[in-house]
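Let me begin by presenting the structure, written as structure tokens, before commenting on it.
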Amino acid sequence: MDGVRGMTTGGGEMSFNTLTVAVVSGKGGVGKTTLSVNLAIEAAWGFGRKVLLFDGDSGLANAHILMGVKPSRTLAELTTGEVAMADLVEHTPWKIDMVAGSNGAHELLTADEQHRRRAADQLGDLMGDYELVVIDCPAGADDTALHYAHSAEVALVVLTGEPTSFLDAYSTVKELNLTYKRQCFDLVVNGVASEAEGKQLFARFQSVVSRFLQAELRYLGAVRRDTAVNEAIRRCVPVVRHAPASSAARDLAAVAGRLVRYAQRPRNPADLPDRGELAAELAAGGLA
Ligand SMILES: Nc1ncnc2c1ncn2[C@@H]1O[C@H](COP(=O)(O)OP(=O)(O)OP(=O)(O)O)[C@@H](O)[C@H]1O
Ligand SMILES: [Mg+2]
């Protein structure tokens, strides 16, 4: 039964495996947080999935800002031992739950091994209650991001047309492939002018990867550059709700649909990465 939870949905019992998705890039500022927040919300709002968003960017936690949510508690408080993981779950107005990042506050506190282990156990259990867990990762070839991507079922790599983004995304894929032995990567190309440009960039990326690495790349889709995204951020409303008919929101909905299909695909729990390992990495990163 490990990894599979029963869920009653009126009609009776159905079971699911939690799909864990780590959103990584390499280069900063390419849209990881925008994608994490909006894909999570679209999966819940548009596809009726039970979703947890985990802000894994403990240095620059900002996923809550995009949703206009002021977290009452953050991961750092776990170090006191008085707060349990379940107390950290924020129910947002966007039909998803969230564990907010600690925004540097953790520098004031250091968790001991016992607290970290307790946090990891509780987080592992908590994740099992959701069909989809999306992790917004820190930028850069940061070890933390690599650990998250290594332990998640899906490593969602965000790529843009900028040459630096291309190179940094390649370095991330290479490191995960050679050092961490990850074989499969899911690519989203963000900030493109057209769907065709997205496909072109993906094809270029794939040709470089296939020349040097033994890795499988899957194309999850492209998200067009759209001023609605910036406008939504200014209003602290996720773009998929602020402007659902905008080109970016429609693209995000298509990508979310593909992730939901991954989540619904029957998988053998024995073939999935160990959720406990991911929980331990997240607890270690958040409570460093
Ligand atoms: N499709 C898009 N169209 C227009 N603007 C976008 C799009 N995607 C992201 N942006 C803008 O790019 C900026 C960076 O986005 P975001 O914060 O999501 O990146 P990030 O990868 O999470 O950054 P960091 O590495 O600092 O965590 C934001 O101002 C956002 O509005
Ligand atoms: Mg971010």
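Centroid-to-centroid, using Cα positions, region 130-167 and region 221-263 are 18 Å apart. Along the axis of the charge dipole computed for region 213-284 (Cβ charges of +1 for Lys and Arg, -1 for Asp and Glu, origin at the Cα centre), the listed residues G276, S247, Y262 are led at the positive end by S247.
Above 30 angstrom, tally the Cα pairs of the chain and express them as a % of all pairs, no decimals. Everything past 30 Å amounts to 26 percent.
Helical content alone sets the calculated 222 nm signal of the chain at -13000 deg cm²/dmol, taking -39,500 (n - 2.57) per DSSP H segment of four or more residues and averaging over every residue.
Where both bridge residues fall in region 20-286, DSSP classifies roughly 10% of the beta bridges as antiparallel.
Would you work out if region 226-280 is rounded, prolate or oblate? Take a ≥ b ≥ c from the square roots of the eigenvalues of the alpha-carbon gyration tensor; rounded if a/c is under 1.5, else prolate when a/b is larger than b/c, oblate otherwise.
Numbers: a/c = 4.80, a/b = 2.12, b/c = 2.27.
Oblate, since a/c reaches 1.5 and b/c is not below a/b.
Only lysine pairs 8 or more places apart, or on different chains, with alpha-carbon atoms under 24 angstrom apart are counted in the chain, and they number 13. Rank V208, V154, V89 by mean-square fluctuation in a GNM of the chain with C-alpha springs under 10 angstrom and give only the top-ranked residue. Result: V208 has the largest fluctuation of those listed. Classification of region 134-210 by its C-alpha gyration tensor yields a prolate form. The axis ratio a/c (a ≥ b ≥ c) is 1.5 or more, and a/b outweighs b/c. Relative to the Cα centre, the charge distribution of region 20-286, modelled as +1 at Lys and Arg Cβ and -1 at Asp and Glu Cβ, gives a dipole magnitude of about 1020 debye.
Read-outs: derived from the displayed coordinates by stated rules, not from any lab. Values in this document were obtained by computation on a predicted structure and should not be read as measured data. Positions of Cβ are generated from backbone atoms using ideal geometry, with glycine treated the same way; all protein chains shown enter the neighbour counts.
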